[in-house]
Protein chains: 4
Amino acid sequence: MIKASVIGGTGYAGQELIRILMRHPEVEVVTIGTRSFSGQKFSDIYGNFQGITDLVCEATDIKELAEKSDVVFLALPHGIASKTVTAEVLTKTKVIDLGADFRIKDIDVYEDWYQTEHFNHSLLNDAVYGLCELHREEIKKAQLISNPGCYTTCSILSLAPLIKNNLIDTGSIIVDAKSGVTGAGRGTVTDLMYSECNETIKAYKIGSHRHTPEIEQELRLLNGQDFNILFTPHLVPMNRGILALSYAKLTADLSLEAIKAIYREFYNDEYFVRILENRMPETRWVKGTNFCDIGLSIDPRTNHVIVVGAIDNLIKGAAGQAVQNMNICFGLAEKTGIDFIADFPI
Amino acid sequence: MIKASVIGGTGYAGQELIRILMRHPEVEVVTIGTRSFSGQKFSDIYGNFQGITDLVCEATDIKELAEKSDVVFLALPHGIASKTVTAEVLTKTKVIDLGADFRIKDIDVYEDWYQTEHFNHSLLNDAVYGLCELHREEIKKAQLISNPGCYTTCSILSLAPLIKNNLIDTGSIIVDAKSGVTGAGRGTVTDLMYSECNETIKAYKIGSHRHTPEIEQELRLLNGQDFNILFTPHLVPMNRGILALSYAKLTADLSLEAIKAIYREFYNDEYFVRILENRMPETRWVKGTNFCDIGLSIDPRTNHVIVVGAIDNLIKGAAGQAVQNMNICFGLAEKTGIDFIADFPI
Amino acid sequence: MIKASVIGGTGYAGQELIRILMRHPEVEVVTIGTRSFSGQKFSDIYGNFQGITDLVCEATDIKELAEKSDVVFLALPHGIASKTVTAEVLTKTKVIDLGADFRIKDIDVYEDWYQTEHFNHSLLNDAVYGLCELHREEIKKAQLISNPGCYTTCSILSLAPLIKNNLIDTGSIIVDAKSGVTGAGRGTVTDLMYSECNETIKAYKIGSHRHTPEIEQELRLLNGQDFNILFTPHLVPMNRGILALSYAKLTADLSLEAIKAIYREFYNDEYFVRILENRMPETRWVKGTNFCDIGLSIDPRTNHVIVVGAIDNLIKGAAGQAVQNMNICFGLAEKTGIDFIADFPI
Amino acid sequence: MIKASVIGGTGYAGQELIRILMRHPEVEVVTIGTRSFSGQKFSDIYGNFQGITDLVCEATDIKELAEKSDVVFLALPHGIASKTVTAEVLTKTKVIDLGADFRIKDIDVYEDWYQTEHFNHSLLNDAVYGLCELHREEIKKAQLISNPGCYTTCSILSLAPLIKNNLIDTGSIIVDAKSGVTGAGRGTVTDLMYSECNETIKAYKIGSHRHTPEIEQELRLLNGQDFNILFTPHLVPMNRGILALSYAKLTADLSLEAIKAIYREFYNDEYFVRILENRMPETRWVKGTNFCDIGLSIDPRTNHVIVVGAIDNLIKGAAGQAVQNMNICFGLAEKTGIDFIADFPI
């Protein structure tokens, strides 16, 4: 059994991670670390764990956990992981960081977008970007994995085959993404109150969301070119799910069928990426799962390709992919413990 | 492996059942029977099954399925099962009926509440009422199991310890229950359109809902007395979940602690009934699970006990309990394949 | 034109009040008082007022407002109004208090349920309980009006004809009420976050909600007897609306038609109380309006009458009734400025 | 008083129209025409009209209504209005058509997108496209007004100043629009059931929605050029509201402030178009109103301008604009009876 600990287990992503790990056949959850709820039973904070576990939250640190864990998951706000993960910690345990600290390889870009200093230049290059479908070989050998963001996972998987095969004008990429409210975390702010975000939709951080440089970094790796994308997120009145529409001008003269074939080939062996044939993705069909559903369309009137991607932001966009990363780097079958079917109706 | 078939697999309960059975370690789903979608791939009807199964729906009948199935689940409107299940069918397969046909033992009561003739008097007595926590021993030996209704499951489990121990005035019982919209099924009627039932609540069938005599039948068995209850259901703008508040005058002079102790004893070995200590049930903590959460309160000012019960109407109230019944009568560990933790946020 | 000011104008009830007053043909809003948002444009806090008003919030006090206002509305947490409203203030302006401070006439009862000292015994008797349909004559002459709570308005209007006409066993009254999330106000607490209360329902403060003694006080006035009721509120995933089911044992042998006739007579001239004939109340039909819809049912099997009441908690349950009170005590037609039709779909 | 009749008054737009007209100070609603509900009281179909009106729905025709109405509103599926509106009818009454039949001036384009024959070539040129802010002078003199679609209203108002002033590459326009569920009407189809579209989002008719040629027609009029746009609608789990993001490459080197100034000038006298300064539009702030809120952003990294537009699809996108058109062509103050403030929380 893999001994796993989670630091930051009382946020939404951390809680989801613990839920998945508790039902994972090869994992034992040893410690739930959290500052805010230290000393409380986890099932007193989250009533779904009533009768499931008697674990008590602990105010612990990563050094201590490294001694007794085979893997430590970090589900923390950015700026903390880079201060606490050290080379010494990594000699004792694998670390999978669900935060942003190790995602962006260019320190200037990170500091510019996050408006903060980066505290750990030395480990940045060792960290593997944990988008499983694109970096599986590196993940297998990684000691420190940087789990991608939710919008990024959906956007990169949507666009990768087009970029890799040079089918679009990379100067024309627009990603218009819509997210459920859990994407904003569990902090209590007025805008996230039920009566404030129920029955309404808004766009936010247009062109300035921090997942933008992360998407660009990964897409640029695919064709070696430098380009910017325009990324716009929205807040939608639902708990979970991301639907991202990626628009780009086609440079190749290809039929929809030909493009679909390229996607099917690109994701040929990928269990968690489903290229849809007869329908377009809807978040309900991926909710509660680790799938990324992708649909394709062409608009001949404007010569655009439109890629529709859908994920569950807390699973493929966070906790599920973190476990997928764990499965890969511990040599388990990749879908062990995360082979969920969406529970419908939601 | 248990070979299982489902007839009526494209309603909400049937679909949920198939989802559970597909991940059950001891089950193989052999046939999905449905008249309406015959010839279609199940995953074309329900996109969550994309990449999970290639099963095609068949317009089959129970006789045919009995030949090749160890168990046949029926998820049909009332009035059909009683016409098609026969003694001969039951010699070849076990049948678990999620509909109402075999729930009510008194034919007059059935015909009065359902306003239809009952077509199968002979099998009615053989059918075991599949409320697992109350009828486990009979279920073990049953060939035909009548799976309880959703409101009934929640109401009976809420009130059973009080009735069994003669703690309340049975002439004073009121059950005020609230259900999510899936409880009404998948039929397309105006009142169930999104824009009609979103952001509003209503009571319906006050004192006249068909689950009333079913609740009464089971509660009366517990103390051998004859009494009526007042049952009121509501439609709440959420997909799933039932919250039932049961009110009754206390006849015994008992503290809240004493009553809780009685409940804990009554449900001592029951994994799926959680008697809550420090919080009251909320449907979010049971959603997607087979749990029934129960909370207790006393109002000394009016000398009432209030029992709060919560279930997922499609799981403990339908498909989950059906599988629990299957587990029992096939001698499996009772929680096999249905030991879910609620996925939170929903 | 009536010069009106609002203190506490940035909570939900206060904001709703300002919206109504701004479109009231006989009112000019002179000041919006608020501590938290002082100096900000009201339309910067609430974007619905963009282009409607340029009023800037002020940190003012009631003494100052009394000088320049014909009426001052208070929409504040309990405990503040009783400290600031004085006999002197009331010589200069009328005060309509949407809070709880002057609702309960028995100081011991108030202090017991609110767990706080009452600071203004002298004005308590002068304050008129502003449930318009029951206290219209007193309201006409009132200088200080205590606007009822939301649950109370719905519960009292539902039960008044039964009590007044001695048709029920007052020892058997149970009110099971369901409220939208705005009933809890705009404070930022975890339980009211979108992802926490979306898609779930719970009961809370069973038998211990502070509206209980207020309902009892008013119902007891109708028959001069002493009795307690059992009141249970619920939180429902919708923004607005209260649906209250009132249950009681019938003592009179009356048909449903006879009871309806009694209700129609009791509310004969009341524009804002609609006794429904062919349907039961649903919150969608009163949402955004000052109506209280009432439906009636009898359960002969248990000899209970069930009254279903529905209001909009922020209008008939708060701001709308406050304006109705204003209309009455300023001699305007009672429905001036509050004669809304529910905007459907919500 | 203007005598107004509505044909198709039991759909969502028709019902909303009747609600507005019933509170309009210069209007008397004389007839509600509907085939499906003929003979029923309108308040029995829509409970919000209980106590408001006793009008009974009639199966009437436009000829009959023309005799007794100053204006007839048509809220019907496409293909009916063009068959029934005649030159003779228009000699007797003004007609405001909320359907699509007279929106598109080019018959080939209409027949191609709607896949049906157009039945009334002769009146097509007489019909005035009723987007009030752009066609006010023609509307004043019109006898037949074609009320714009919901997506179109929002998209055209969002883009008009950019096109008119030649600030963007018209070959790069993408409109990504999100709509609440009422946009799909009141027909009972599985996809619009509560449990099917709650808690999920999807894109539909990508590049093929019928509002596309309507948007193009009106935008092309503004600069006299020929170009296509890429339009994508989404279904969002909320009742009402459209949020449309319009993306285009800037051809002019302009600051955000300069673009805002151009918008402010373009919409200088327009009460119902609000150019936001310090926030971005959210549908909650326009819900229940006739406003179109517009926000502007520039992404210098990709040289795009992003326009965010928000309307209530049933008001500015249908019934409200229809009344605005009526006000204009009857010489009333334009905001008479439609000067709503959004009721918040929704």
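The values are calculated or read from the model by the stated rules, or taken from the named source; none is laboratory data. Note that the structure is a prediction, hence the values are computed from the model and not measured. Cβ coordinates were reconstructed from backbone atoms using ideal geometry, including for glycine residues, and neighbour counts include every protein chain displayed. Just so you know, the surface numbers come from the protein's heavy atoms only, side chains and all, with ligands and any DNA or RNA stripped out. Shrake-Rupley method; radii C 1.70, N 1.55, O 1.52, S 1.80 Å.
Here are a few things to note about the model shown:
- Every pair of residues 6+ apart whose Cβ atoms lie under 8 Å, when the first sits in the range C:325-339 and is among the aliphatic types (A, V, I, L, M) while the second is open to solvent by 50 Å² or more (accessible area, probe 1.4 Å): C:ILE328/C:ARG136; C:ILE328/C:LYS140; C:LEU332/C:GLU26
- Filter result for C:ILE201 (within 19 Å of the chain's Cα centre (by Cα), in the same structural domain as C:VAL236 (by TED's automatic domain parsing) and not small (Gly, Ala, Ser)): no
- With respect to the conditions (1) touching a Cys at 6+ places or on another chain (Cβ under 8 Å); (2) farther than 30 Å from B:ALA244 by Cα; (3) open to solvent by less than 10 Å² (accessible area, probe 1.4 Å), C:LYS141 falls short on a single one, namely (3).
- In the set (1) open to solvent by 10 Å² or more (accessible area, probe 1.4 Å); (2) modelled with pLDDT of 95 or more; (3) not in a helix (DSSP H, G or I), B:GLY79 fails one condition alone, (2).
- Selection count, the range A:1-11, where residues are touching a residue at least 40 places away in the same chain (Cβ under 8 Å) and open to solvent by 10 Å² or more (accessible area, probe 1.4 Å): 6
- The residues of the range B:12-36 that are buried (at least 18 other Cβ atoms within 10 Å of the Cβ) and small (Gly, Ala, Ser), listed by number, are B:ALA13, B:GLY14, B:GLY33.
- Test: residue in the range D:269-282 that is over 19 Å from the mean Cα position of the chain (by Cα), open to solvent by 10 Å² or more (accessible area, probe 1.4 Å), among the acidic types (Asp, Glu) and facing another protein chain (nearest Cβ under 10 Å): yes
- Residues (of a type outside the set (Gly, Ala, Ser) and within 9 Å of another protein chain (Cβ to nearest Cβ)) located in the range C:172-182: C:ILE173, C:ILE174, C:ASP176, C:LYS178, C:VAL181, C:THR182
- Taking the range D:91-206 as the region of interest, none of the strands (runs of 3 or more DSSP E) fully inside it holds 1 or more residues being out of contact with any helix residue (DSSP H, G or I) (no Cβ under 6 Å at 6 or more places or on another chain), at positive phi and not aromatic (Phe, Trp, Tyr).
- Top-ranked residue in the range D:241-257 [being touching a His at 6+ places or on another chain (Cβ under 7 Å) and farther than 28 Å from C:ASN48 by Cβ; ranked as most open to solvent (accessible area, probe 1.4 Å)]: D:LYS249
- Among the residues of the range A:232-245, not a single one is without any contact (Cβ under 8 Å) to a residue 40 or more places away in the chain and over 16 Å from the mean Cα position of the chain (by Cα).
- Only one entry in B:LYS94, B:LYS68, B:LYS63, B:LYS41 is within 14 Å of chain A (Cβ to nearest Cβ) and basic (Lys, Arg), namely B:LYS41.
- Of residues in the range B:37-63 being at pLDDT 95 or above and farther than 30 Å from A:LYS287 by Cα, the one surrounded by the most Cβ atoms within 10 Å (Cβ to Cβ): B:ILE62
- Criterion: in contact with a helix residue (DSSP H, G or I) (Cβ under 8 Å, 6 or more places away or on another chain) and at pLDDT 95 or above - qualifying residue of A:ALA333, A:ALA258: A:ALA333
- Of all residues in the range D:301-331, those satisfying the criterion of being part of a loop (DSSP other than H, G, I, E, B) and within 14 Å of chain A (Cβ to nearest Cβ) are D:ARG301, D:THR302, D:ASN303, D:ASP312, D:ASN313, D:LEU314.
- Selection count, the range C:57-77, where residues are in contact (Cβ under 8 Å) with a residue 24 or more places away in the chain and either over 23 Å from C:PHE102 (Cβ atoms) or charged (D, E, K, R) (or both): 8
- Considering residues of the range C:183-240 that are facing another protein chain (nearest Cβ under 7 Å) and polar (S, T, N, Q) only, the residue surrounded by the fewest Cβ atoms within 10 Å (Cβ to Cβ): C:THR190
- Here the range B:147-169 is the region considered, the condition is being hydrophobic (A, V, I, L, M, F, W, C) and open to solvent by less than 10 Å² (accessible area, probe 1.4 Å), and the residue that is nearest to B:LYS105 (Cα to Cα) is B:ILE156.
- Within the range D:2-36, the set of residues being away from chain C (no Cβ under 12 Å) and modelled with pLDDT under 95 comprises D:GLY8, D:GLY9, D:THR34, D:ARG35, D:SER36.
- Condition check for C:GLY337: out of contact with any Phe, Trp or Tyr (no Cβ under 9 Å at 6 or more places or on another chain) and surrounded by 22 or more Cβ atoms within 10 Å (Cβ to Cβ): no
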